[in-house]
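The values are calculated or read from the model by the stated rules, or taken from the named source; none is laboratory data. Computed from a predicted model, the values in this text were never measured in an experiment. Ideal geometry is used to build each Cβ from the backbone, glycine not excepted, and the neighbour counts take in all protein chains shown.
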Amino acid sequence: MPPRLTPATTLVLFALSRGIRHGFDILDATGLESGTVYPILRRLEEAGCVRSRWEDQRRAQSEGRPPRRNYELTGAGAEALRAAVRIHPDTVAQFAPNHLLVPRTR
Amino acid sequence: MTIPPPPFREPPGSVLVRMLSRLVPRDSREEWVAEWRGELVAAAKQAVLRDEPATLTTVRLWRRCLGATTDALWLRHHHGEPIVLGTDLRQAARSLRHRPGYVAVVVLTLALGIGATTAVFSVVNGVLLRPLPLPHVERLVALEGQPTDGDLEKVNQWTSYPDYADLRDRTHSFEQLAARRRWQVTLTARDAEPARLNVTYTTANFVTATGLLPLLGRNFRVADAEPGAPAVALLSEQLWRGRFLGDRGVVGQQIQLDGVPTEIIGVLPGALQTIENGDLIQPIAAGPMESARGAHRLTVLGRLRDGVTIVQAESELRLVASQLEKQYPENNAKRSAKLLPMQAQLVGSAETSILVLFGAIVLLLLIACTNLAALFLTRAASREREMAVREALGASRAQLARQWGAESFLLTAAGGVFGVVVAWLGMRALLGAAPASLPRASEIGLDLPVLLFLGAVSVAVGLLFGVLPAVQRRRDGAFAALRSGGRSNTEGRRKRGMRSTLVVAEVALATVLAIGSALLVKNLYRMQHAPLSIRPDAVYTTQIQLPNTRYAQAGPDGGRRTLDFYRRLREEVAAIPGIHSVALAYQHPLAEGWTTSYHIAGGEHVAAGLEPEARVRPVSPGYFDAVGLRLLEGRDVTDRDRIDMPGVMVVNQAFARRHFPGRSAVGQAIEHGSPWWPGQPTHFEIVGVVADEPFLGIGRPADPATYFPHSQYPFNEMWLVVTSERSSASLYPDIRSRIWRIDPLLPVDPVVSLRGLMGDAVAEPTFNAVLLSLFAATALLLAAIGIYGVLSYTVSQRTAEIGLRMALGADRDLVRRQIVGQGLMLVGGGAVAGLAGAWALARVLESLLLGVSGRDPLSFLGVAVVLLAVAVLAAWLPAHRASRIEPVVALRAE
């Protein structure tokens, strides 16, 4: 069943398409609440628009933290994004990838 | 060799995530926790790298974790597990059904707590807290005259036009400084009854100063206020929508105001009503009063320049005022000025009573929450054994907590629903009973955010104390509870101590409220039973105002037409069947009117500006008789005291006491500076002394007052006073037709009874007293419920012990006395604390009381007695139950 394409869903899809992979990074980039974003991710994953994988254990350990869950867009997800942007052309303007200004740990 | 990673601390919020994980279906629970934890740790580390303050990170992460609730619930729902467990709710409902008393008490507590508080807070918010709907209202200030020596009788709050102009020109703190004066005019039209309208005469910049723009048409221009300019008026939105039916073509039309053709130039927005409650405004036209520095009759409002504080503006104002004081000592002696925020000035006198109410609702909410906590704790304690059995049979603590939660949820939800109903009804009742003096009453509505907030507080308290007992049970609690067989042990005593403390606190709070209400009720009783100098029954009055345009006050003919009108009026009205007597008075016995200054003839010389002041109350012959005011000495004024005869007057007792203590005032005289009407005497001899009218309020001592014959003091504005056995409604058409026989262009106000006016005069104290009494009664009821709860718990815990003692020969009476004694101990502790609190708070209430001390011993004693009675009543049922314990049954239950 295709997911409901709400403005929030559009934003989440758009963030994923920009290579933002982790839940909290999506929160930062979209300004949405965690109570909104996580259920969307679950729904998108179930609809096959999003795929999730666990981060490499060794890499996480080298940074002194537990592994994080990565989300990425599937082909169906990219389709959904195109449809969503057609419905909500203005929502994407809200997208504020301010987390990119934050120094990332390598 | 790899360096082991530095250990990471648990990030903020992970506790919550672990707690919430219980909601997530078992097979995905571990992964869910790992995902949230991974994000939290990463975010915390990034925050450290960014040098973000730790508190900020904590708040941010906790907030995100709250969102995990939705995530967890979504997963739960998605796996086909019910979010709110239907079985739990059903079970809770079933278990509550067997305890209708408990349910009723909890729901009542919540409904009263939420409802009463919201209703009163909505009123407080509407009147006191909500900002006026004007742009940058924080910069709007009211200017009031202030005496430098504190003598408010000599320096009133109003400002004269020349003073206003000087203040405006010599200060720099204000963007605008505007002045206004209220008056009444008659609007006449061909096809409708004449109407009396409240007009406000303002300086041209008044509307600009408020920050508003006319809804239609234009604002005043400076030219509109110049002498000889054509008359113009701005209508209030209310008048425009009412009388002119919202016709947009009204701008440019001519209307007749007191017979003067006046052009409507625009309509003002409704928001202006919050500070200027008139029907229309007109520019202040320069008249003789506008050049008199002694004519203090304008109220001044200002808009501060951006960045100027009220303190800075006030000090500048004081400086200018002291210059004026030196420059014009005869008018401005000891006159300074102060500034008040507009809102504070408007709310003014209502502030104290509203703050008292506000204090009362806070106390009531505290009591309700305390009670709720005590009720839930008691309930938990009484079910300890049942819970222990279920735990022993394999129920997990989470399951038990969920069931408690479901029960609390059902109760608080029901309480919330009833709370809304109580809030709505309470609100309607409050506004229905509110005295007319309550400012901004039309803006008051039920406050939804407050309702939600209070609902949330109550639900939080409910859930907290509802679930707490289940969560907090010790691990060995089940076995201990089973072993002890429900007998009291150390643990039980500690919990009982907590409940007792809650009840003592509740009683203390209720005591404070009860004393407050006792004082207000006593005050009200005093007012209603104050010895009354007038006889208000079968006396009716209506106000009559002759327009100055047709009834000239100045000029060679000044006052003549006025006197003709009132002479004919008395004849016409006296001819109405059923009217016993007719009189005229300036103001009625309950209205204070205004004052003027005078000299005692032959008295010592008093410097200009420092002369004594007395109320001016012109009357016709027969007024004292009509209202039942006793003539103590001398004679009434008569029709022979014409304007061309020697001046005479009657004074009240307060006047006689002020100037002629211990001797007769009759035969003494006063001097007025110059005549106000052509031919008016300036020397008035006192021919009589009457009792004091309660014109400053029932129960309040009166000021000195002077009663001139109306024929020597021909005011245009007078009150017609008649005595009749008929009703005011049946008198009105008769009186109106008689007035119109003399002058068909006069508006006629409703005829009101003096009894009714007296009711209005005590409306505000009645309102306060009723409200606080309702609160106190609610608080006492809640406290009684609290006492009952603790005692019945004690009895249920001690059944076995009491049974044993009775088996050993203890007397039933003794058992009963012991339980009641315990109740009295609880109340005693609370009452002592509450009485001390009320003693300390006495000062707050004192400003609302007339002749009743805030520490009135009778009220304190009365409340103490009521509390004792409440304690005995609340304790009686549990005590009775304890005394009926059958030793055999109690011991067999072991």
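B:G786: under 38 Å from the mean Cα position of the chain (by Cα) and surrounded by fewer than 23 Cβ atoms within 10 Å (Cβ to Cβ), yes or no?
Numbers: under 38 Å from the mean Cα position of the chain (by Cα): yes; surrounded by fewer than 23 Cβ atoms within 10 Å (Cβ to Cβ): no.
Considered against the rule, which asks whether it is under 38 Å from the mean Cα position of the chain (by Cα) and surrounded by fewer than 23 Cβ atoms within 10 Å (Cβ to Cβ), B:G786 comes out as no.
With the condition kept exactly as written, say whether any residue in region B:187-196 is crowded, with 19+ Cβ neighbours inside 10 Å and within 23 Å of B:E290 (Cα to Cα).
No, that holds for no residue.
Anything in region B:778-826 that is among the hydrophobic types (A, V, I, L, M, F, W, C) and more than 23 Å from B:A104 (Cβ to Cβ)? List them, or say none. Show your work before the answer.
Keep residues of region B:778-826 that are among the hydrophobic types (A, V, I, L, M, F, W, C), which gives B:779-785, B:787, B:790-791, B:795, B:800, B:802, B:804, B:806-808, B:810, B:814-815, B:819-820, B:824-826.
Scanning region B:778-826 gives B:A800, B:I802, B:L804, B:M806, B:A807, B:L808, B:A810, B:L814, B:V815, B:V820, B:L824, B:M825.
Touching a strand residue (DSSP E or B) at 6+ places or on another chain (Cβ under 8 Å) and either assigned to a helix (DSSP H, G or I) or closer than 23 Å to B:F453 by Cα (or both), is that true of B:G38? Before the answer, list the steps.
Working: touching a strand residue (DSSP E or B) at 6+ places or on another chain (Cβ under 8 Å): yes; either assigned to a helix (DSSP H, G or I) or closer than 23 Å to B:F453 by Cα (or both): yes.
Judged against the criteria, B:G38 is a match.
From the list B:T87, B:T69, which residue is assigned to a helix (DSSP H, G or I), of a type in the set (S, T, Y), within 9 Å of chain A (Cβ to nearest Cβ) and surrounded by fewer than 21 Cβ atoms within 10 Å (Cβ to Cβ)?
Values: B:T87 fails: within 9 Å of chain A (Cβ to nearest Cβ).
Every option except B:T69 fails the conditions.
Failed condition for A:P2, given (1) out of contact with any strand residue (DSSP E or B) (no Cβ under 7 Å at 6 or more places or on another chain); (2) surrounded by fewer than 23 Cβ atoms within 10 Å (Cβ to Cβ); (3) closer than 15 Å to A:T74 by Cβ; (4) at pLDDT 90 or above, with all others met?
For A:P2, the failing item is (4).
Every residue in region B:632-656 that is touching a helix residue (DSSP H, G or I) at 6+ places or on another chain (Cβ under 9 Å) and closer than 19 Å to B:I534 by Cβ, please.
Once the filter is applied, which keeps residues that are touching a helix residue (DSSP H, G or I) at 6+ places or on another chain (Cβ under 9 Å) and closer than 19 Å to B:I534 by Cβ, region B:632-656 yields B:L632, B:E633, B:D636, B:V637, B:V650, B:V651.
So which of B:L877, B:L861, B:L873 is free of Cβ contacts under 8 Å to residues at least 40 places away in the same chain and surrounded by fewer than 15 Cβ atoms within 10 Å (Cβ to Cβ)?
Working: B:L877 fails: free of Cβ contacts under 8 Å to residues at least 40 places away in the same chain; B:L873 fails: free of Cβ contacts under 8 Å to residues at least 40 places away in the same chain.
Just a single option satisfies the conditions, and that option is B:L861.
Contact list please: Cβ distance under 7 Å, first residue in region B:93-113 and under 20 Å from B:L425 (Cβ atoms), second residue surrounded by 13 or more Cβ atoms within 10 Å (Cβ to Cβ) and of a type in the set (S, T, Y), pairs at least six apart or on different chains.
B:L110/B:T412; B:L110/B:S458; B:L112/B:T778; B:G113/B:S458
Filter region B:257-279 for residues that are surrounded by fewer than 19 Cβ atoms within 10 Å (Cβ to Cβ) and in contact with a Lys or Arg (Cβ under 6 Å, 6 or more places away or on another chain) and give the result.
Listed by number, the list holds a single entry, B:G259.
Taking the conditions exactly as written (facing chain A (nearest Cβ under 7 Å) and either in a helix (DSSP H, G or I) or buried (at least 17 other Cβ atoms within 10 Å of the Cβ) (or both)), does B:E31 satisfy them or not? First the steps, then the outcome.
Working: facing chain A (nearest Cβ under 7 Å): no; either in a helix (DSSP H, G or I) or buried (at least 17 other Cβ atoms within 10 Å of the Cβ) (or both): yes.
No; evaluated as a whole, the condition is false for this residue.
Any residue that is modelled with pLDDT under 90 and more than 9 Å from every other protein chain (Cβ to nearest Cβ) - is there at least one of those in region A:33-53?
Checking region A:33-53: not a single residue is modelled with pLDDT under 90 and more than 9 Å from every other protein chain (Cβ to nearest Cβ).
Mind counting the residues in region B:763-796 that are out of contact with any helix residue (DSSP H, G or I) (no Cβ under 6 Å at 6 or more places or on another chain) and within 24 Å of B:L502 (Cβ to Cβ)?
Selection size over region B:763-796: 4.
What number goes with the only condition from (1) in a helix (DSSP H, G or I); (2) more than 7 Å from chain B (Cβ to nearest Cβ); (3) touching a residue at least 12 places away in the same chain (Cβ under 8 Å); (4) closer than 19 Å to B:E31 by Cα that A:R58 does not pass?
With respect to (1) in a helix (DSSP H, G or I); (2) more than 7 Å from chain B (Cβ to nearest Cβ); (3) touching a residue at least 12 places away in the same chain (Cβ under 8 Å); (4) closer than 19 Å to B:E31 by Cα, A:R58 is out only on (3).
Would you mind listing the strands (runs of 3 or more DSSP E) fully within region B:521-622 where at least 3 residues are among the hydroxyl-bearing types (S, T, Y)? Please lay out each step first, then the result.
Values: elements: B:539-545, B:579-585, B:595-597, B:613-616.
Ranges flagged: B:539-545, B:595-597.
Which members of region A:22-32 meet the condition of being outside any loop (DSSP other than H, G, I, E, B), of a type in the set (A, V, I, L, M, F, W, C) and more than 8 Å from chain B (Cβ to nearest Cβ)? If you could, list the steps in order and put the result at the bottom.
Narrowing region A:22-32 to residues outside any loop (DSSP other than H, G, I, E, B): A:23-30.
Now restrict to residues that are of a type in the set (A, V, I, L, M, F, W, C): A:24, A:26-27, A:29.
Those that are outside any loop (DSSP other than H, G, I, E, B), of a type in the set (A, V, I, L, M, F, W, C) and more than 8 Å from chain B (Cβ to nearest Cβ): A:I26, A:A29.
Search region B:72-81 for residues being more than 8 Å from chain A (Cβ to nearest Cβ) and part of a helix (DSSP H, G or I), and hand back the single one that is modelled with the highest pLDDT.
B:A72
Quickly run through region A:61-83 and pick out the residues that are within 11 Å of chain B (Cβ to nearest Cβ) and loosely packed, with under 13 Cβ neighbours inside 10 Å.
As a first pass, look at region A:61-83 and keep what is within 11 Å of chain B (Cβ to nearest Cβ): A:61-71.
Within region A:61-83, no residue meets the criteria.
Would you be able to tell me the number of residues in region B:254-292 that are modelled with pLDDT under 85, within 20 Å of B:A229 (Cβ to Cβ) and part of a loop (DSSP other than H, G, I, E, B)? Don't jump to the end; show me each part of the working.
Taking region B:254-292 as the starting set, the residues that turn out to be modelled with pLDDT under 85 are B:258-259, B:270-278, B:285-292.
Within this subset, residues satisfying the condition of being within 20 Å of B:A229 (Cβ to Cβ) are B:258-259, B:285-291.
In the following step, the residues that additionally are part of a loop (DSSP other than H, G, I, E, B) were identified as B:258-259, B:285-287.
Going through region B:254-292 one residue at a time, the tally reaches 5.
Residues that are buried (at least 17 other Cβ atoms within 10 Å of the Cβ) and within 30 Å of B:Y525 (Cα to Cα): does region B:808-815 have at least one?
Just the residues of region B:808-815 that are buried (at least 17 other Cβ atoms within 10 Å of the Cβ), to begin with: B:815.
Still in the running and within 30 Å of B:Y525 (Cα to Cα): none.
No, the conditions are met nowhere in region B:808-815.
Scan region B:738-751 residue by residue and report those that are surrounded by fewer than 17 Cβ atoms within 10 Å (Cβ to Cβ) and touching an Asp or Glu at 6+ places or on another chain (Cβ under 9 Å).
B:R741, B:I742
Which condition does B:A43 not pass, out of (1) more than 10 Å from chain A (Cβ to nearest Cβ); (2) modelled with pLDDT of 85 or more; (3) surrounded by 15 or more Cβ atoms within 10 Å (Cβ to Cβ), if it passes all the others?
(1)
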